[in-house]
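Worksheet for the structure shown next.
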Amino acid sequence: MLSVNTIDAVLKSYYLDAICASLNTGVSPLYSAIEKSAAEISGKDAIVPTLYGVCGGLGSTDETGDLPDSGECLRSSFNVPLKNIYGVIDISDKALRASRDNASGIVGLLNTEIQAMVRSAQFNLNRMLWMDGSGLLATVKSFSNSILPSIVVDDTRHIAEGMRIDVYRSTSAVITGLRVADVNHETKTVFFPYGVMGNVTLQTGDVCYVQKSKGNEVNGLPYLFGAGTTYFGVNKATSPGINPVEKNLQDELTVDAMQEFFDSASLRAGIQPDMIVCSMKTRRQYLKQLELNRRNIDYLNLDGGFKTLSFNGIPVVGERFAPDGEMYFLNTSTLKLVQLNDWEWLEGENGSILNQLDRKAVYTATLVKYANFVAAYPRGQGRLKGILDETSQSATGGSGTDGT
C-alpha cells in the first residue's frame, strides 16, 4: 500500500533528477548555453567579479632601460541578489486514497502534475531571461466584462493560459490571483473565467504581473541593456568599461549590417559573439535577406535538441520573448545563472516533501531554486536595435543612422 512517505521517497529519488534535467536543458538554446554556478555565492547574494581590457604591465624597452610599470587589469565586481523561484503542486487527499492500492495510478497522477509544473517552469524561466526583474507582463489598453471578462494589452507574449496574475493600478493591487483562461495573440486579448471579476473594473494603464512576483523576478538581459544607472551596484557612468555595445540601426535588416555590428561588437569585447538571439519576426527578416541575396541557408543542431539558422557558423536563435526589431549578439560563455542550489524540494518537518495544507484535505509539494542571471563580462554582449520591417522602413525613409 502506498503512503505519503512512500510518495515522498519517489519524489526525492526519482522525479527530482528528471526535473532538473528538463529545466536545465529544455528551456531554450540560450538558457541551455548559460553556465549554472554556485561558486560565486556569498551569504544570500552572489559576488561576481568582472575583468575588462588588457593588463597594463606590458612594454618594450632597450637593454639598459627600466622595466615597464605594472598595471593590473581593470576590474569590478557585481553584487547579485538571489531571487526566490518556486514551483508548487497540489494533490488532493481523495486522489491519493483512491490510488493507494494502485501504483500505476499514483505514478500517473504525479506524472501529470509534475509535467504541467515543468512546462510552466520552462515557460517562466525563459520569459524572465527577457525581462528586467520587475515582473511586468503587460499593460492594459482596454477592458470588457462580458460573458468572459477580457483585457486587450500591449503585448501577450509573456502571458499564457493557466497563469495567475495580479493587476496593479499605480502601486496598489486592483485584483490578485486572477487565472488566465485563454489568450488570443492575434488580437492581444486575454480572457478570464466567467464571473471571476465580480464588481472589479480594470482601466487603461493598469499593469499585469505574475502572482506575488512584482519586483522579485530574475534580472534578465533587459536589465543589462536598460536605462538604469547601475548594473548590480556598479555605476555605468563611472565604470563605462562594463557597458555593453549598442547600435540603433533605424533601417531594414541586411546581412552587411549584421556583419558590421558583429565586427564592432567583437572589437569592443576582444572575443567574438557565439550566439545571436532575436524574436521570431526578426529571424524571418534575416531569413528573407538570405533568400533575396541567394545565400546558402545553413542550419545548426544545438544541445537540448534545438535546430536553428546560422550566421557565419554562429547560431541565430528565434526566441518567443525577445523583442521585435532587436538582435542580441551574445558571448554565452560569460553569462551565468548564479544559484545557491539546483532545483530542490522544499522539505517540512522530518524531511517530508508532501505536506498537508492547513485545515484542508490537500497535500502540497514545492520546488525551490535561489538564483539570478548575470553577465560576468557585460562589454562582451551587444544589441543591434531599431531594426525596421519593410513597411516601417518605407514610411521613415530608411536613413540608416547610428545611435545609442
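The values are calculated or read from the model by the stated rules, or taken from the named source; none is laboratory data. For clarity, every value in this text was computed on a predicted model and none was experimentally measured. FYI the Cβ positions are ideal-geometry reconstructions off the backbone, even for glycines, and counts take in every protein chain you see.
Applying the criterion of being in contact (Cβ under 8 Å) with a residue 60 or more places away in the chain and aliphatic (A, V, I, L, M) to the residues of segment 130-165, the residue that is surrounded by the fewest Cβ atoms within 10 Å (Cβ to Cβ) is 136.
Filtering segment 353-393 to residues that are among the basic types (Lys, Arg) and more than 30 Å from residue 38 (Cα to Cα) leaves 359, 360, 385.
Picking from 53, 26, 43, which residue would you name as being out of contact with any strand residue (DSSP E or B) (no Cβ under 9 Å at 6 or more places or on another chain), within 26 Å of residue 273 (Cα to Cα) and not aromatic (Phe, Trp, Tyr)?
26
Of the residues making up segment 173-226, those that are in a loop (DSSP other than H, G, I, E, B), more than 20 Å from the chain's Cα centre (by Cα) and of a type in the set (S, T, N, Q) are 187, 199, 201, 203, 204.
When the residues of segment 227-246 are filtered to those that are under 23 Å from the mean Cα position of the chain (by Cα) and part of a strand (DSSP E or B), the one that is surrounded by the most Cβ atoms within 10 Å (Cβ to Cβ) is 231. The strands (runs of 3 or more DSSP E) found entirely in segment 21-85 that carry 1 or more residues being at pLDDT below 90, touching a helix residue (DSSP H, G or I) at 6+ places or on another chain (Cβ under 7 Å) and among the aliphatic types (A, V, I, L, M) are 74-81.
Kindly indicate whether any position in segment 89-109 is modelled with pLDDT of 85 or more, in contact with a strand residue (DSSP E or B) (Cβ under 8 Å, 6 or more places away or on another chain), in the same structural domain as residue 239 (by TED's automatic domain parsing) and not in a helix (DSSP H, G or I). Yes, that holds for at least one residue.
No other residue among 249, 267 is outside any helix (DSSP H, G or I), over 24 Å from the mean Cα position of the chain (by Cα) and under 20 Å from residue 328 (Cβ atoms) apart from 249.
Any residue at all in segment 343-363 that is assigned by TED's automatic domain parsing to the domain that holds residue 30 and either closer than 17 Å to residue 27 by Cα or at pLDDT 95 or above (or both)?
Step one: of segment 343-363, the residues assigned by TED's automatic domain parsing to the domain that holds residue 30 are 343-363.
Those left that are additionally either closer than 17 Å to residue 27 by Cα or at pLDDT 95 or above (or both): 343.
The answer is yes; a qualifying residue exists.
Selection of segment 245-262 for residues being over 21 Å from residue 221 (Cα atoms) and among the acidic types (Asp, Glu) yields 251, 252, 256, 260. Against the conditions (1) in contact (Cβ under 8 Å) with a residue 12 or more places away in the chain; (2) small (Gly, Ala, Ser); (3) farther than 26 Å from residue 123 by Cα; (4) assigned by TED's automatic domain parsing to the domain that holds residue 149, residue 239 satisfies every one except (4). Pairing each residue of segment 335-364 that is within 30 Å of residue 224 (Cβ to Cβ) with any residue that is acidic (Asp, Glu) and not in a loop (DSSP other than H, G, I, E, B), provided the two are 6+ apart or on different chains, yields C-beta distances under 6 Å for 336/35.
Residue 245 - would you say it is closer than 30 Å to residue 144 by Cα and of a type outside the set (S, T, N, Q)?
no
From the list 187, 201, 176, 171, the one residue that fits, being surrounded by fewer than 19 Cβ atoms within 10 Å (Cβ to Cβ), out of contact with any strand residue (DSSP E or B) (no Cβ under 8 Å at 6 or more places or on another chain) and β-branched (Val, Ile, Thr), is 171.
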